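Here is the structure we will look at.
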Amino acid sequence: ETPKQYAVIGKKTVLEHSIDKLLKVSAISKIFVGVSPDDAFYPSLSVDSRVQFYSGGSERADTVRLGLEHLPEDSWVLVHDAARPFVDSSDIERLIASCLTKKQT
């Protein structure tokens, strides 16, 4: 009955683990988390002030689109599936560095 992003690994939910990985990346200043309008789990999470929850859409693409509406036009965006907590912060940093290098060429 519990959605997989709220399953507990150790002392944190899968979502909290994913958020923690993203917050370790200095280039990330804000995290927007799209949740189902009827999500009763997220209010109980203990998250950093840089994390903002918003009501998502019926499909993943709708949720991403709604999240983009919160950002200034010139923002860079990374989209991560919160139910995948095993990404390394160093991989995220390399991805950002690669994107910035390609932008300059």
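The values are calculated or read from the model by the stated rules, or taken from the named source; none is laboratory data. A quick note: this is a predicted structure, and the numbers were derived from the prediction, not measured. Neighbour counts are summed over all protein chains in view; Cβ atoms, including those assigned to glycine, are modelled from backbone coordinates with ideal geometry. Ligands, DNA and RNA are stripped out before the accessible areas are found, and what is left, the full protein with its side chains, is counted by its heavy atoms. Shrake-Rupley method; radii C 1.70, N 1.55, O 1.52, S 1.80 Å.
Of note:
- Members of region 83-105 that are assigned to a loop (DSSP other than H, G, I, E, B) and open to solvent by 90 Å² or more (accessible area, probe 1.4 Å): Arg84, Phe86, Thr105
- Number of the exception - His80 against (1) in a loop (DSSP other than H, G, I, E, B); (2) under 19 Å from Gln5 (Cα atoms); (3) of a type outside the set (D, E, K, R); (4) free of Cβ contacts under 8 Å to residues at least 60 places away in the same chain: (4)
- Number of the exception - Phe53 against (1) modelled with pLDDT of 95 or more; (2) open to solvent by less than 50 Å² (accessible area, probe 1.4 Å); (3) in contact with a Leu (Cβ under 8 Å, 6 or more places away or on another chain): (3)
- Filtered residues of region 5-57 (kept if of a type in the set (D, E, K, R), touching a residue at least 60 places away in the same chain (Cβ under 8 Å) and farther than 16 Å from Ala83 by Cβ): Lys24
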